[in-house]
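Quick notes on the structure that follows.
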Amino acid sequence: MTPATAAAAGLLRPQILARRARLEAAAASVPADYVRDLLAEVDAALERIEAGTYGICEACHDTIDAERLQANPMVRFCLDHLNEREREAHQQDLDLATQIQTRLLPPCNLALNGWDTCYHYEPVGPVGGDYCEVTALDDDGSLFVAVGDVSGKGVAASLLMTHLSAILRSLLSLRLPLADLMSRANRLFCESTATNHYATLICGRATGNGVELCNAGHCPPLLLRRDATERLPSAGLPLGLFCGTQYPVTEVSLADGESLVLYSDGVSEAENAEGVEFGEAGLSHSLRRHFGGSAEALAQGVIEDVGRFRGACRPTDDLTLLVVCRRQS
């Protein structure tokens, strides 16, 4: 057993035992053959843990993806050795997850009360762990924007992202001040996820007076001004680490034509063939090159620059870029 599969076994063994207990409790109301087969499957997983073979494909003896073990601790084969029925079921699950995540994304090119927005969302696989939100708040016509990144990758990360989205959308209906919204989101996320799960998140509220920002350990936002690009460092811990964390709010003003840029590390950490990162410097340079256009033109220009920089290298992380531009009078 590799260190990774040993760690997975240690984390998932309590879940497997809990499943066994629930099966035994339900045995009286479920057909005996069905319960017997499921118990055999659970016991086989426990035996693999004891034998040190848990998380190893029984066909090729390669390691099974950790996210598949988290989703189903009973799996015995890697994706390359699923039978045809299992492959079809797996693909259907991925297709459904992709549809659900796509429907969670906000409308692109939303314009409201002097603000124009545009985002680019690009998961590294069928689904991703980045979070993006742009929505009008009904109370005063202000605009709520957010970009986040949950721990992990793939399907497991997308489930966490969906959970975070549900938390924030429910809290937005309470019309809370931004600091209270962030602290409550942190507490709910902390209390409802495993201790090794966390999320970085930056939220903003754009009004006629400017933008309020609250950052929970996320990539520093950039203010694209007429004469300079300003970096605003993060002042808070990621969500999910400590339930009682408080988050300060920063207020910024933007002149006509200036923009707030939120992004995930899939932008700044994009690598070329030599292993060099695009970096904040590359992002700032790209933003300055495309300054003066619309939010859509600015976002599109940056994404094209990242693509040219990356060249033939495939992305290794989800990528999200959100531009909030003060509309010119």
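The values are calculated or read from the model by the stated rules, or taken from the named source; none is laboratory data. The model shown is predicted, which means the values in this text are computed figures rather than measured ones. Cβ placement follows ideal geometry from the backbone for every residue including glycine, while neighbour counts extend to all protein chains displayed.
Just checking, which of 46, 23 is modelled with pLDDT of 80 or more and hydrophobic (A, V, I, L, M, F, W, C)?
Within the list 46, 23, the selection yields 46.
Restricting to the stretch 274-329, what's the tally of residues that are of a type in the set (Ser, Thr, Tyr) and within 25 Å of the chain's Cα centre (by Cα)? Show your work before the answer.
Start the filter on the stretch 274-329 by keeping residues that are of a type in the set (Ser, Thr, Tyr), which leaves 284, 286, 294, 316, 320, 329.
Next, from what is left, pick out any that are within 25 Å of the chain's Cα centre (by Cα): 284, 286, 316, 320.
The total comes to 4.
Taking the stretch 252-275, which residues are closer than 25 Å to residue 225 by Cβ and loosely packed, with under 12 Cβ neighbours inside 10 Å?
253, 255, 256
List every residue pair whose Cβ atoms lie under 6 Å apart, where the two residues are 6 or more positions apart in sequence or sit on different chains, the first residue falls within the stretch 232-247 and is farther than 13 Å from residue 201 by Cα and assigned by TED's automatic domain parsing to the domain that holds residue 194, and the second residue, located anywhere, is crowded, with 16+ Cβ neighbours inside 10 Å and small (Gly, Ala, Ser).
That search, which allows pairs on different chains as well, returns 246/183.
Kindly indicate whether any position in the stretch 81-98 is touching a Cys at 6+ places or on another chain (Cβ under 8 Å) and at pLDDT below 70.
Among the residues of the stretch 81-98, at least one is touching a Cys at 6+ places or on another chain (Cβ under 8 Å) and at pLDDT below 70, which makes the answer yes.
Quick test for you: out of 164, 224, pick the one residue that is buried (at least 21 other Cβ atoms within 10 Å of the Cβ) and closer than 22 Å to residue 280 by Cβ.
Result of the check over 164, 224: 224.
Here's the yes/no breakdown for (1) among the hydroxyl-bearing types (Ser, Thr, Tyr); (2) touching a strand residue (DSSP E or B) at 6+ places or on another chain (Cβ under 8 Å); (3) within 27 Å of residue 151 (Cα to Cα); (4) exposed (fewer than 11 other Cβ atoms within 10 Å of the Cβ):
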position	(1), (2), (3), (4)
16	no, no, yes, no
19	no, no, yes, no
26	no, no, no, no
36	no, no, no, no
39	no, no, no, no
49	no, no, yes, no
54	yes, no, yes, no
65	no, no, yes, no
68	no, no, yes, no
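Of all the residues that make up the stretch 278-322, how many are part of a helix (DSSP H, G or I) and not hydroxyl-bearing (Ser, Thr, Tyr)?
The qualifying residues number 25.
Read through the list (1) on the phi < 0 side of the Ramachandran plot; (2) surrounded by 14 or more Cβ atoms within 10 Å (Cβ to Cβ), then give the number of the only condition that residue 279 fails.
(1)
Within the stretch 199-215, does at least one residue satisfy the condition of being modelled with pLDDT under 90, among the polar types (S, T, N, Q) and under 17 Å from the mean Cα position of the chain (by Cα)?
Scanning the stretch 199-215, I find no residue that is modelled with pLDDT under 90, among the polar types (S, T, N, Q) and under 17 Å from the mean Cα position of the chain (by Cα), so the answer is no.
Let me confirm something: among 174, 160, 143, which residue is free of Cβ contacts under 8 Å to residues at least 40 places away in the same chain and closer than 20 Å to residue 262 by Cβ? Spell out how you get there, then give the answer.
On the way: 174 fails: closer than 20 Å to residue 262 by Cβ; 143 fails: free of Cβ contacts under 8 Å to residues at least 40 places away in the same chain.
Checking each option against the conditions leaves just 160.
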